[in-house]
Each structure stands twice: as C-alpha cells, then as structure tokens.
Amino acid sequence: MRQIVLDTETTGLSAEGGDRIIEIGCVELVARKLTGNNKHWYLNPERDSHEDALKVHGISNEFLRDKPKFAAIVDELIEYCAGAEIIIHNAAFDIGFLNKELELLGRAAFTGHVHKVTDTLAMAKEMYPGKRNSLDALCDRLGVDNSSRTLHGALLDAELLADVYINLTRGQDALLIDESDAHAVGAIVTRVDLRQFTLPVLLANDQEAAAHEDLLKQLDKASGGKTVWRQLPISPVA
C-alpha cells in the first residue's frame, strides 16, 4: 500500500467562507519508507490571504500571483494520490479545502479517489489523551527534529509528519512514553511492529519435547481426553 503524507496551506480557516489553498505538499511512503517521490505546488488562490494566515505561513500574496491555479494541477494531484492511503494531521481541515476546490471545478470529492484517509491528530489524541498533540508537540515528544520549522510550509510539514507517523506506529517504548510519565502508576500498552525484526525459529530439544508430552498427558487425564492440542482441526463446511 502506498501512503501519501499530505499537508496544505490556505488563505484562511474557512473553505466554505471562500478561503482557498495556496500550497500543497505530498510525501510518498512505500513499505513505511520514504521514496523521494514527493510533490509540491504553490497555487494562485485568486484572493489575498488573511493577515493572521500570513503570520502562520509567511507566503506573500505577491509571490502567489504568477503561480498556477488549482485547476491546472488537479489532474496531476489526483493521479498521484489515486488509490493511496492519505495521512494528514487534522484531516478534516485539509480534506474540507480539497473537496471545496474540487467542487468548484465540478469534480468528485477527494476521498472518492483514494483508498482511505488517516488522521494523525486523532491517532495522537488516542495515544496521548489530555496532552498537546500539535505537529510541533509530537515532534518534541517523538524526537523528530523540527528546528527548521520557523513558519508553516506544506512540504516541510508533510516531511515532518511522515517521521511523526512512522514513530507513532512503530510502538517502541522510548517513542511512546513521555519522560513526565516515567513514574506513572499503571500498565503501559505499546504497539510493536514485528515486521522490523527477523525472528529466529527455536525448535524444542528432546528434553523439552518430553516435558511437553508429559504435560499434555496430565491435561488429558484432568480433562477426560478433551485436550484441544490433541484434537484434529475441523474442516470448514463447504
């Protein structure tokens, strides 16, 4: 399964209120590894960014004047993302803007072109309830270097999110536990991706096999011969 980590920058916060996408960054993962097959577009939104949005992304209205409009890149974007799992932080925001841009062109919703959408913000809230789960906060928590992120940028944020996603789903204790939680009372459940390990097969020696057989005989006696390990598998009904 191809995975595309996607981020957008916009002129403001409301797609329904007329705000538009000004930047799209996409980073490809195959088998949980970066491929380098990334996509990045600056777009002319045909309107100015709100002052507060400018403070976030720092992309001037003048810089965007000669950039292509969304209609010019939509086919390339859809072809690139087709059939992939799309990974987004706070997916409702970006998907809302992508759907609005497609709607303005009379095109089908973005989610109709992809396999599924995974929201890393929802994942983080489940793993770290009650904590800050912004991209910066997750970078700090998971040891992802975000020192170059002075302003929001779609491609940089997608690259950081790719690292965050890999760490979120890796399941290593060092990545899942805050130092502040080190002495917390209670069990800690971790998710371990065994695909990253080559597991050896250890066969029982004669002594271990004999001990196992002796244990099965004891179970046979205690259960009246109903030990499930002794029973043949039942063929499925046709």
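The values are calculated or read from the model by the stated rules, or taken from the named source; none is laboratory data. Note that the structure is predicted; figures quoted are calculated from it, not measured. Positions of Cβ are generated from backbone atoms using ideal geometry, with glycine treated the same way; all protein chains shown enter the neighbour counts. These area figures cover heavy atoms from the full protein model, side chains too; ligands, DNA and RNA do not enter into them. Shrake-Rupley method; radii C 1.70, N 1.55, O 1.52, S 1.80 Å.
In plain terms, if you count all Cα to Cα distances in the range 65-173 and split them into 10 Å steps from zero, the share in each step is 12, 40, 31, 15, 1 percent.
Listed by chain and number, the aspartates and glutamates whose alpha-carbon sits under 20 Å from that of LYS69, ignoring those within fewer than 8 places in the same chain, are ASP7, GLU9, GLU16, ASP19, GLU23, GLU46, ASP48, GLU79, ASP94, GLU101, GLU103. Quick one: what does P(r) look like for the range 125-167 with 5 Å bins over all Cα pairs, in whole %? Over the range 125-167, the share of Cα pairs per 5 Å bin runs 5, 23, 34, 22, 11, 4 percent.
ARG20 exposes around 50 Å² of accessible area when a 1.4 Å probe is run over every protein chain in place.
Only Cα pairs under 8 Å and at least 6 apart count here; give the relative contact order of the range 72-162 as a rounded whole percent. List each step's numbers first, then the result.
On the way: 77 pairs, mean separation 24.1, N = 91.
Once normalised by length, the contact order is 27 percent.
Straight-line reach from LYS217: taking Cα to Cα under 29 Å and skipping same-chain neighbours fewer than 8 places apart, the lysines in range are LYS226.
Taking a straight line from the alpha carbon of LYS125, these lysines sit under 21 Å away, with near neighbours fewer than eight places off in the same chain left out: LYS116.
Starting with the highest mean, order 74-85, 92-103 by the number of other Cβ atoms within 10 Å, averaged over the residues of each peptide. Numbers along the way, then the final one.
Numbers: 74-85: 14.9, 92-103: 19.3.
Going from most to least packed, we get 92-103, 74-85.
Normalised by residue number, the volume inside the convex hull of the Cα atoms of the range 1-134 is 122 Å³ per residue. Restricting the calculation to Cα atoms, the range 1-66 shows an Rg/Rh of 1.08 when the hydrodynamic-style radius is the Kirkwood one.
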